[in-house]
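The values are calculated or read from the model by the stated rules, or taken from the named source; none is laboratory data. Only a predicted model underlies this, so the values are computations on that prediction, with no experimental measurement involved. So basically every Cβ, Gly included, is an ideal-geometry build from the backbone, and we count neighbours across all protein chains shown.
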Amino acid sequence: MTETGVNEGFSWSRHEGVVTIRLTRVAQHNRIDPADIAGLRESVANASSNADSIALVITGSGNATFSSGYTLAALAAGNIDDSFESLLNELETCPLPTICALNGSAYGGATDLALCCDIRIGVEGSRMFMPAARIGLHYYPDGMRRYIRELGLAQAKRLFLTGMTIDAPEMLRIGFLTDLVAAEQLTTCTTEYIDALRACEPDAVRSMKRQLNAIAASDPSALADRSAYQASLQSPAIAERIKRRRS
């Protein structure tokens, strides 16, 4: 059974445990407007809270741009609140494995959106840049934190302080992308990750994601916390899965 929904700037679907959010403003480079935020946050929350969900995929429409990020018109008008930041923070902490299938280039806040995701698949011919300094914007701290965590301080400084554009091979080299594929292989590569996730125990995936993120954030208790490990050893799932592998 497939569930679907359509909003002004994005659509969502749920099929066999996979929730897909697709940005749909092709003519505006799949930008995200203030009116989209509440619906996007609700879509992420619903995916997170559904026990049957195994993955959340975020992608864009068309073959040129994944997203140009949050609309510059709102910035120019000076009516920005923290709702876009909250959306990205909630995506970052989504308990599900998250896959960003970048169907094209990413600009501005869309680069931060991608960095919120666990796996980022890009296509040949795409580019990215962070124009904050060029438009006089001091970026919000959580966005800079994600750049540093995922790309390292040197690359974060390079991209934030210069506003330079980099191409797809460089995006892969510095770790912005997990995979780089031909455009016609984007769906296939995304499906391969989803199939791999289906073969895993969902509870173990969620608990390891949570602890990996805590370790990466230098949480002093994360390395000492063996509770999820011990619980998994006692879980009926581990015995059943080992039995199936031996048979």
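Summary table below
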| read-out | value |
| --- | --- |
| Meets criteria (over 17 Å from the mean Cα position of the chain (by Cα) and not basic (Lys, Arg)) for Ala110 | no |
| Members of the stretch 116-139 found to be charged (D, E, K, R) and closer than 17 Å to Leu151 by Cα, listed by number | Asp118, Arg120, Arg127 |
| Meets criteria (within 28 Å of Val18 (Cβ to Cβ), at pLDDT 95 or above and not β-branched (Val, Ile, Thr)) for Met144 | no |
| Residue satisfying all of: in the stretch 162-202; over 19 Å from the mean Cα position of the chain (by Cα) and of a type in the set (Val, Ile, Thr); farthest from Ile58 (Cα to Cα) among these | Thr162 |
| Of residues in the stretch 214-247 being of a type in the set (Ser, Thr, Tyr) and touching a residue at least 24 places away in the same chain (Cβ under 8 Å), the one farthest from Tyr147 (Cα to Cα) | Ser235 |
| Residues (loosely packed, with under 14 Cβ neighbours inside 10 Å and of a type outside the set (S, T, N, Q)) located in the stretch 126-162 | Arg134, Ile135, Gly136, His138, Pro141, Gly152, Leu153, Ala154, Leu161 |
| Per-region count, the stretch 218-247, residues loosely packed, with under 11 Cβ neighbours inside 10 Å, among the hydrophobic types (A, V, I, L, M, F, W, C) and in contact with a helix residue (DSSP H, G or I) (Cβ under 9 Å, 6 or more places away or on another chain) | 0 |
| Residue in the stretch 136-145 that is of a type outside the set (Ser, Thr, Tyr) and touching a strand residue (DSSP E or B) at 6+ places or on another chain (Cβ under 8 Å) present | no |
| Positions within the stretch 118-152 being in contact (Cβ under 8 Å) with a residue 60 or more places away in the chain and under 18 Å from the mean Cα position of the chain (by Cα), in sequence order | Asp118, Ile119, Ile121, Val123, Ser126, Arg149 |
| Test: residue in the stretch 169-185 that is aliphatic (A, V, I, L, M), loosely packed, with under 14 Cβ neighbours inside 10 Å and not assigned by TED's automatic domain parsing to the domain that holds Asp219 | yes |
| Test for Ala51: is it in contact with a Ser or Thr (Cβ under 8 Å, 6 or more places away or on another chain) and either assigned to a helix (DSSP H, G or I) or modelled with pLDDT under 95 (or both) | no |
| Set Leu159, Leu180: member being under 30 Å from Arg145 (Cα atoms), in a helix (DSSP H, G or I) and of a type in the set (A, V, I, L, M, F, W, C) | Leu159 |
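Residue-wise test of (1) under 15 Å from the mean Cα position of the chain (by Cα); (2) in a loop (DSSP other than H, G, I, E, B).
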| position | (1), (2) |
| --- | --- |
| Gly5 | no, no |
| Glu8 | no, yes |
| Ala35 | no, no |
| Leu40 | yes, no |
| Ser43 | yes, no |
| Ala47 | yes, no |
| Ala74 | no, no |
| Ser86 | yes, no |
| Asn89 | yes, no |
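Okay, residues lined up against (1) assigned to a helix (DSSP H, G or I); (2) polar (S, T, N, Q):
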{"residue": "Leu172", "(1), (2)": "yes, no"}
{"residue": "Gly175", "(1), (2)": "no, no"}
{"residue": "Gln211", "(1), (2)": "yes, yes"}
{"residue": "Gln230", "(1), (2)": "yes, yes"}
{"residue": "Glu240", "(1), (2)": "yes, no"}
